[in-house]
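J.: The structure is given below, and queries will be raised subsequently.
Rule-based calculations on the coordinates, nothing more; no lab input. What you see is a predicted model, and the numbers here were worked out from it, not measured in a lab. Backbone-built Cβ (ideal geometry, glycine too); neighbour counts: all protein chains shown.
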Amino acid sequence: MVRSALISLIELEDDLEVVGEAGRGDEAVALVTRLRPDVAVLDIDMPELDGITACARIYEAVPECACLMLTALGKPGMLQRALRSHARGFIVKHAPADDLIDTIRAVAAGQRIVDPTLALAALEEERIPVTERELEVVRLIAQGASVKEIAVQLYLSDGTVRNYTSNLMAKCGVRNRVELVRIATDRGWV
């Protein structure tokens, strides 16, 4: 329903055209690769492949396509992840319709646009110095993976996974994996 409303909104503009739509992240990557649009509007919470991962894959396959990320809950960690994945725009879904249209035009023109409230929150957020590998570990923990499953997936030993987990818990000031996942979710790391 939301996707249909967005398409209808975009189609009202004389200078914008929707050339395709996808309900899943993996489908979006395939569609962008085939159709090569100027802009891909992606929801962060897409099934099968999240929007941020889809954005990174789109950038690898079609670097000239600007990705605009939409999110219901703008979290600074998600913004940082999206920007690292080469997103050109980041806007919350409850923004006014005109803002969305203006943002699509701006990213198509090569500009980088970030929702101002979210940008300020990202600047003010306390920085916890976590590594990319630690983020990979916490994302898999959040998905319910065991130490052994994480070790296999990331080509690490069980002990190394435990060390990453212990380091993350110490950095975040938490006592267990459940609290670690809560912090990671609140900060938009997962």
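J.: For Tyr155, Tyr59, which order do you get if you count the other beta carbons within 10 Å of each Cβ and list the fewest first? Present the calculation step by step, with values, prior to reporting the outcome.
T.: Values: Tyr155 7, Tyr59 19.
Ascending number of Cβ neighbours within 10 Å: Tyr155, Tyr59.
J.: Return the single residue from Gly89, Gly173, Gly51 with maximal mean-square fluctuation; model: Gaussian network over the chain, springs between Cα atoms under 10 Å.
T.: For the chain, modelled as a Gaussian network with Cα springs under 10 Å, the answer is Gly173.
J.: Treating cross-link reach as a plain straight distance, find the lysines whose alpha-carbon is under 20 Å from the alpha-carbon of Lys171, omitting any fewer than eight places away in the same chain.
T.: The qualifying lysines are Lys75.
J.: If I stretch the segment between Glu48 and Val19 completely, what's the gain in nm (0.36 nm per residue apart, minus their alpha carbon distance), one decimal? Please list the in-between numbers first.
T.: Details: separation 29, 0.36 × 29 = 10.44 nm, distance 2.17 nm.
So the chain would gain 8.3 nm between Glu48 and Val19.
J.: Is it possible to state the helix-based mean residue ellipticity at 222 nm for the chain, with each DSSP H run of 4+ residues giving -39500 (n - 2.57), the sum divided by total residues, to the nearest 500 deg cm²/dmol? What is it?
T.: The helix-only estimate for the chain comes to -16500 deg cm²/dmol at 222 nm.
J.: I'd like the GluC sites (Glu not before Pro) in region 21-117 restricted to DSSP loop residues with at most 14 other Cβ atoms within 10 Å, sorted by number.
T.: Details: sites: Glu21, Glu27, Glu48, Glu60, Glu64; in loops: Glu21, Glu48, Glu64.
Sites meeting the loop and neighbour criteria: Glu21, Glu48, Glu64.
J.: To continue, here is another question. Would you order His94, His86 from fewest to most other beta-carbon atoms within 10 Å of each residue's own beta-carbon?
T.: His94, His86
J.: I've got another one for you. Which entry in (1) 17.9, 58; (2) 17.1, 54; (3) 15.0, 43 matches Rg and Dmax of the Cα atoms in Å derived from the coordinates of this structure?
T.: Among (1) 17.9, 58; (2) 17.1, 54; (3) 15.0, 43, the one calculated here is (1).
J.: If you don't mind, there's one more thing I want to ask. Need the full-extension length gain, Ala142 to His94, defined as separation in residues times 0.36 nm minus the C-alpha distance. One decimal, nm.
T.: Computed gain between Ala142 and His94 is 14.6 nm.
J.: Where does each of Ile104, Ile183 land when they are ranked from fewest to most other beta-carbon atoms within 10 angstrom? Don't skip to the answer; put the middle values down first.
T.: Details: Ile104 23, Ile183 19.
Taking fewest neighbouring Cβ atoms as first place, the list is Ile183, Ile104.
J.: Sticking with this structure for a sec: Can you give me the long-range amide H partners of Val114? Hydrogens built in the peptide plane at 1.01 Å from N, cutoff under 5 Å, separation of 5 or more residues or another chain.
T.: Answer set, sorted by chain and number: Phe90.
J.: I'd like the Karplus ³J(HN,Hα) series for region 185-190: coefficients 6.51, -1.76, 1.60, θ = phi - 60°, whole numbers in Hz, and an x wherever there's a Gly or Pro.
T.: 5, 4, 8, x, 6, 10
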